[in-house]
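J.: Next up is a structure, given as structure tokens.
A short reminder: the numbers here are calculations on the coordinates, not readings from a lab. All values derive from a computational prediction rather than experimental measurement. Neighbour counts run over all protein chains shown; Cβ positions are idealised from the backbone, glycine included.
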Amino acid sequence: MKTLFRVLRYARPYRSSLAIGLLGLVVGTAMDMAVPVITRYVIDFVLLAGHHAWLGWLAAAIVATASFKGVFWFFQRYAMAFMAQKVIFDVRGDLYRHLQELSFRFYDRAQTGQIMSRVSQDVELLRRFLSFGVIQLLGQVLSFAVVLVLLFTIDPVLTAVVLPVVPLVALAVWQFNRRVRPKYQEIQQKQAEITAVLQENVTGVRVVRSFAAEDHEVEKFRRVNWAYLEKNLEAMRLRATWFPLMSLSADLGTMLVLAIGGWRTVTGTISLGMLVQFLQYLAMLFTPLRMLGWLVNMGSRAIAAGNRVFELLDTRREVAERPGALRLGRLQGAVRLERVRFRYQPGAPWALDGVDLAVEPGETIALLGATGSGKSTILQLIPRFYDVDEGCVRVDGHDVRDVRLADLRRQIGIVPQETFLFSTTIAENIAYGRPGASREEIVRAAKAAQIHDFIASLPKGYETVVGERGLGLSGGQKQRIAIARALLLDPAILLLDEATSSVDTETEALIREALRRLLLGRTAFVVAHRLSTVRLADRIVVLDEGRIVQEGTHDELVRVPGLYRDIVRLQLAEAREAV
Ligand SMILES: Nc1ncnc2c1ncn2[C@@H]1O[C@H](COP(=O)(O)OP(=O)(O)OP(=O)(O)O)[C@@H](O)[C@H]1O
Ligand SMILES: [Mg+2]
């Protein structure tokens, strides 16, 4: 019920459509009720009493009610479909906006396919119910009530006789629904699992092929596909069992009316026309009962879908801007981490365990350490992708939790370990952080990032469309595009997570030159894997298991025994070997 009301709240702005729908419904129902009355007069007045001249008029009356009903039916359907489309447009928009605001903690755990299925399939189920189900539900209840009253006015005795059949039908319908509803929830879930497997397979296609794991993937898909089929068949079995039971109990009613009503016609208590009218209404009485089963079903599916949609909408934003957050002007670029402790999930080991670090504006810090030591984590905390568990992160003296997120993040350029490119032109990819940038600015950034010559060598140059996630470019090329992107943003603070992939010496020289220009005049944190990059830094910070173990310049650190000297020696040995 709560879900239903929440959906209906979305419908509030479209009240007028709802009103038209209801009007159409009432008129349509009235027209439905008129046809048996006309039939009765055809039998009693025209056929039995011999007023044959009236036959044509009464036939015309039936055609007229049908046409009238058709016109209202059109307005009813259109108004409701319009309302449903609008509501779903709003729900989908809200979902998408909410997804923009959800924290990385959510995305760390979320399955892309599950999100996709909620935004597409579940929302679609809701739409179908809104557009068709809601009005039908109201319509069937209305016509049930009206028909019941009409039956009483025709023959109270006969009505009293068939009335006990109604709860019988209702019971069958209710029993059926009780059994089938959980099945629909499961079907919905299985469908989402299919989407999730498919989506991961497409995204991970290169991994799948390189491990020749196609058969394993096909088997994985077969399992979810089969589970989906099984759930559907279970629901189908229920339907196939219960539908005949439902109509059997309805037929029982018809039989009673024919037997008892037939006798009453013979004895002259009611006319033949009235009996036919009664039978027509009786069918109308059972239709709502049967339809209700189907509609409640549809409603259950829609509510199951709605629950999943609202669950996503209600997922709390962990990193949320506090009310009245501070506006930031252009940052100087001072960054401080004060006794920062942080972990990705409650109960997990600390990813950072008491990190203190003060960085002056314009300074370049190289972060070094073994894999998993917390280098990337430090970078994630500065733009407040996650909130620290203890201590605080400050930029220009402001706690990042006190400032406006957009103001903060717009001044932080990020060159991540894995460059993500959108499937659009190279020019648009470079200008992602500044959509209004002119072509000259884009080219200037590309030149500084040492990628202009490569781009210019492509047949379509800056208009080359890159594949999804930048497929079709090498790692080094993608990284330099990411550098151009950051340069164009001209951020006060720069976060660079150097790709671990090794590049040839020529590319390395290009990247170093690109980086040198990128770092100029801004505060920078560089997770460095190459000594050539480390050399660009003013200060080196060495991490081990979430703690800072060494800090200083290259010259200071190579002189003392420790992690830094080990790393340098290892790299030099590798370099010698390569030579
Ligand atoms: N999104 C995440 N969810 C949960 N745990 C994470 C997440 N990202 C990192 N971790 C964990 O936090 C710790 C620090 O990871 P971090 O990514 O900072 O390491 P790193 O120093 O950047 O390593 P690398 O050199 O391999 O990139 C690791 O133990 C890692 O398993
Ligand atoms: Mg990392």
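J.: Treat each spin label as a single point 7 Å out from the Cα along the C-beta direction, and report the Ala160 to Thr112 distance in nm.
T.: 7.0 nm
J.: Would you mind calculating the gained length between Val465 and Val141 on full extension (0.36 nm times residue separation, minus the Cα-Cα distance), in nm to one decimal?
T.: Roughly 111.0 nm would be gained on extension.
J.: Between Leu8 and Phe211, with labels modelled 7 Å along Cα→Cβ, what's the label distance in nm to one decimal, could you check?
T.: 5.0 nm
J.: While we're here: Considering Cα pairs under 8 angstrom that are at least six residues apart, work out the relative contact order of the chain and quote it in whole percent.
T.: Once divided by the residue count of the chain, the mean separation gives 14 percent.
J.: Need one number: nm distance between label points at Lys220 and Arg322, each 7 Å from Cα along Cα→Cβ, rounded to one decimal.
T.: 4.3 nm
J.: With no solvent and one point per C-alpha, what does the Debye sum give as log10 I(q)/I(0) for segment 2-314 at q = 0.08 Å⁻¹?
T.: Values, matching the q order: -0.53.
J.: Take the alpha-carbon centre of segment 158-192, take the same for segment 327-401, and report the distance between them in whole Å.
T.: Between the Cα centres of segment 158-192 and segment 327-401 lies a distance of 57 Å.
J.: Follow-up question, since we're still on this one. In percent, how large is the relative contact order of segment 298-359, given Cα pairs closer than 8 Å and 6 or more residues apart?
T.: In percent, rounded to a whole number, it is 24.
J.: Roughly how many whole Å is it from the C-alpha centroid of segment 38-102 to that of segment 427-482?
T.: Each part reduced to its Cα centre gives a spacing of 57 Å.
J.: Below 8 Å between Cα atoms, with a sequence gap of 6+, how large is the relative contact order for segment 335-578 in percent?
T.: It rounds to 27 percent for segment 335-578.
J.: Using 1/(1 + (r/R0)^6) with R0 = 30 angstrom and r between the beta carbons of Phe152 and Leu248, what's the FRET efficiency to the nearest 0.05?
T.: So, using R0 = 30 Å, E works out to roughly 0.75.
J.: What does the charge count around Leu25 come to, taking other residues whose C-beta lies under 12 Å from its C-beta (Lys +1, Arg +1, Asp -1, Glu -1)?
T.: +1
J.: Quote the FRET efficiency, to the nearest 0.05, computed for Asp566 versus Asn232 with a Förster distance R0 of 56 Å and r equal to the Cβ-Cβ distance.
T.: Computed FRET efficiency for Asp566 and Asn232: 0.40.
J.: Gap in Å between the Cα centre of segment 538-559 and the Cα centre of segment 1-34?
T.: The two parts, judged by their Cα centres, are 69 Å apart.
J.: As I understand it, the value is the acute angle between the Cα axis of helix 505-519 and the longest principal axis of the Cα atoms of the chain; what does it come to in degrees, rounded to 10?
T.: For helix 505-519, the angle is close to 80 degrees.
J.: Related question: What is the gain in length, in nm to one decimal, between Ser438 and Asp538 on full extension, counting 0.36 nm per residue of separation less the C-alpha to C-alpha distance?
T.: 32.7 nm
J.: Relative to the first principal axis of the alpha-carbon coordinates of the chain, what is the inclination of helix 439-448, with its axis defined by its Cα atoms, in degrees from 0 to 90 and to the nearest 10?
T.: Approximately 50 degrees, to the nearest ten.
J.: Now, a different point. Let me know the Kirkwood hydrodynamic radius for the chain, please, with Cα pairs as the basis and the value in Å to one decimal.
T.: 30.0 Å
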